[in-house]
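What follows draws every value from the coordinates through simple rules; no lab data is involved. It should be emphasised that the depicted structure is a prediction, and the values quoted were computed from it without experimental measurement. When we count neighbours, we look across all protein chains shown, and the Cβ atoms used for this are built from the backbone with ideal geometry, even at glycine.
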Amino acid sequence: MKKTSKIMTLSLKLSLAFLAIVTLGALLAGLSPYDPNQVDLLSKFQDPSGAHWFGTDNFGRDYFTRILYGGRVSLSVGALSMLVSITFGTLYGIVSGSSGRFVDAVMMRFVDILMAVPSFLLIITMNVYLNASLATTVLTISLFSWMGVARIVRAEVLSLRERDFILASRGLGAGKGWIIFRHMIKNVSSSVMVAATNSIASAILTESSLSYLGFGIKIPNASWGGMLENAQTYILTKPILAVYPGLCILLTVLSFNVLGNSLRTILDPKSRR
């Protein structure tokens, strides 16, 4: 048990450190002396050096700078999509769980229908017709990522509404709105926090996949998925171009998943036994 605890603690510290570095790099990307979209064909395919830490790509653009700006896109999409999906999913789950059986059944069947739909194909279709941009990507990802949160919150609310303190509040004359804001939201917050970290990881993967397929952030703007798509042409001659964005996606998503698992362990008393 002690070894497991130490490994989890070390994993959490490493994940937080990596996320802090990526976030700081994305925020300070503007301090780079290079323009991420400036083409310099005389400097293409340069190896890593003091001037270009990650070398340059096939257009002579500084690869490290593009990684930083790509991180800004991925983290922005992840954070904004998470905020939208968590907010709507939490409210939807609370309303469903605290309503009568008929309303709850109708709302949950709607969620089941949306979860059965091939969401990734719909996201691609919407991005094509809505002229993909950062705002469009956030909107389309959020539109199909709130259902899991709603189900989690609803299950928590169904359990909470039979607890003694909820029944006591009703007996004292508390209204449904007061109970929701005073008790429900407070008690589902731990589950929502765990879902939030997983939502960010999922959004980053979706955005990277969209950009890789050419339906996400438009070129020449930097995104990790777009950089992977560009690197596949030179995978045999310059494989390092695929390594940097690939590792960034892998480690960022892994770090958010580790953070979510750690939060679940910390906030759920049963998991610590």
* **Extended-chain gain in nm, criterion 0.36 nm per residue less alpha-carbon gap, Ser49 and Lys13** => 10.0 nm
* Rounded tilt (10° steps) of 119-129 against the dominant C-alpha axis of the chain -> 60 degrees
* Asked: Quick one: Asp57, Asp112, fewest Cβ neighbours within 10 Å first, how do they rank?
  -> Asp112, Asp57
* **Centre separation in Å (Cα based) which lies between the stretch 204-220 and the stretch 19-93** => 13 Å
* To do: Just rank Phe256, Phe102, Phe120, Phe215, fewest to most, by other beta-carbon atoms within 10 angstrom.
  => Phe102, Phe120, Phe215, Phe256
* Asked: For the chain, modelled as a GNM with alpha-carbon contacts under 10 angstrom, which of Thr23, Thr136, Thr237 fluctuates the most?
  -> Thr237
* Residue among Pro33, Leu80, Ser11 farthest towards the positive dipole end of the chain, charges placed on Cβ -> Ser11
* Structure fact -> Residue span Thr125 to Ser32: 0.36 nm per residue of separation minus Cα-Cα distance leaves a gain in nm of 30.0 nm
* **Size of charge dipole - the stretch 2-272 - debye, nearest 20, with Cβ of Lys, Arg +1 and Asp, Glu -1, no other charges** => 1140 debye
* Trp224, Trp53 arranged by Cβ crowding within 10 Å, fewest neighbours leading -> Trp53, Trp224
* Set of aspartates and glutamates near Lys238 by C-alpha distance (under 14 Å), chain-local residues within fewer than 8 positions excluded -> Asp47, Asp57, Glu229
* Structure fact -> In terms of the alpha carbon gyration tensor, root eigenvalues a ≥ b ≥ c, rounded if a/c is under 1.5 and otherwise prolate when a/b exceeds b/c or oblate, the stretch 2-272 is prolate
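Taking R0 as 51 Å, what's the FRET efficiency between Lys218 and Glu162 from their Cβ-Cβ distance, rounded to 0.05?
Working from the Cβ atoms, E equals 0.50.
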* Roughly what angle does helix 134-143 make with the longest principal axis of the chain, taking Cα atoms, 0 to 90 degrees, to the nearest 10? -> 30 degrees
